[in-house]
1. When you scan the range 48-62, how many residues do you find that are surrounded by 12 or more Cβ atoms within 10 Å (Cβ to Cβ) and more than 7 Å from the ligand (Cβ to nearest atom)?
2. Going through the range 63-72 one residue at a time, which ones are more than 9 Å from the ligand (Cβ to nearest atom) and either more than 22 Å from the chain's Cα centre (by Cα) or at pLDDT below 95 (or both)?
3. When the residues of the range 73-100 are filtered to those that are in a loop (DSSP other than H, G, I, E, B) and surrounded by 10 or more Cβ atoms within 10 Å (Cβ to Cβ), which remaining residue is nearest to the ligand (Cβ to nearest atom)?
4. State whether the residues of the range 55-62 include one that is at pLDDT 95 or above, in a loop (DSSP other than H, G, I, E, B) and among the polar types (S, T, N, Q).
Amino acid sequence: MRTARKLAMLLALGIAQTQAATVDEASGLAIAPGWELVRTHCGGCHSHALVTGQRADRQTWLDTIRWMQATQNLWQFDAATENGILDYLAANYPPQPNRRRAPIPPTLMPGTATELE
Ligand code: HEC
């Protein structure tokens with residue numbers, strides 16, 4: 001029992017340390033090559049959370065940037081900066097087809113009005 005509790009604490013500490021090492025606390029951005037570019041260019045108008053909450057392939061990230069440039073006053077990037085931003089976004093926030101939870105089974109759903117009568 002005691003050993004199990006110690007192990008659980010060590011595990012929790014390990015997870016906490018892993019997160020601290022890989023996510024910037026202020027912005028919530030994953031710390032990986034190019035993250036400072038995104039911190040600099042992608043947090044001025046909206047929260048970085050709008051970035052970290054999104055998942056897309058490189059082309060869709062580029063489309064999003066082009067849309068902001070065309071309609072939201074986002075500035076132009078030089079090629080190196082734009083590639084750095086896109087490499088970072090495509091690598092760290094790629095598409096995830098199964099992000100939604102599984103549907104609730106019908107047996108766990110509330111009854112229909114007729115069942116309640
Ligand atoms: C000049 C201002 C500005 C900057 C800088 C900016 N954005 Fe945006 N962005 C916007 C606006 C405005 C919206 C729309 C917000 C809303 O709908 O509430 C938006 C929306 C988004 C969305 C949501 C798009 C959607 O389809 O819902 C994402 C993702 C995004 N931005 C990513 C980025 C990234 C990545 C960068 C850096 C390359 C960036 N933004 C920099 C203005 C900006």
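The values are calculated or read from the model by the stated rules, or taken from the named source; none is laboratory data. This one's a predicted model, so the numbers in the text were calculated from it and none came from an experiment. Neighbour counts run over all protein chains shown; Cβ positions are idealised from the backbone, glycine included.
1. 9
2. Ala70
3. Filtering the range 73-100 for residues that are in a loop (DSSP other than H, G, I, E, B) and surrounded by 10 or more Cβ atoms within 10 Å (Cβ to Cβ), the one nearest to the ligand (Cβ to nearest atom) comes out as Leu74.
4. no
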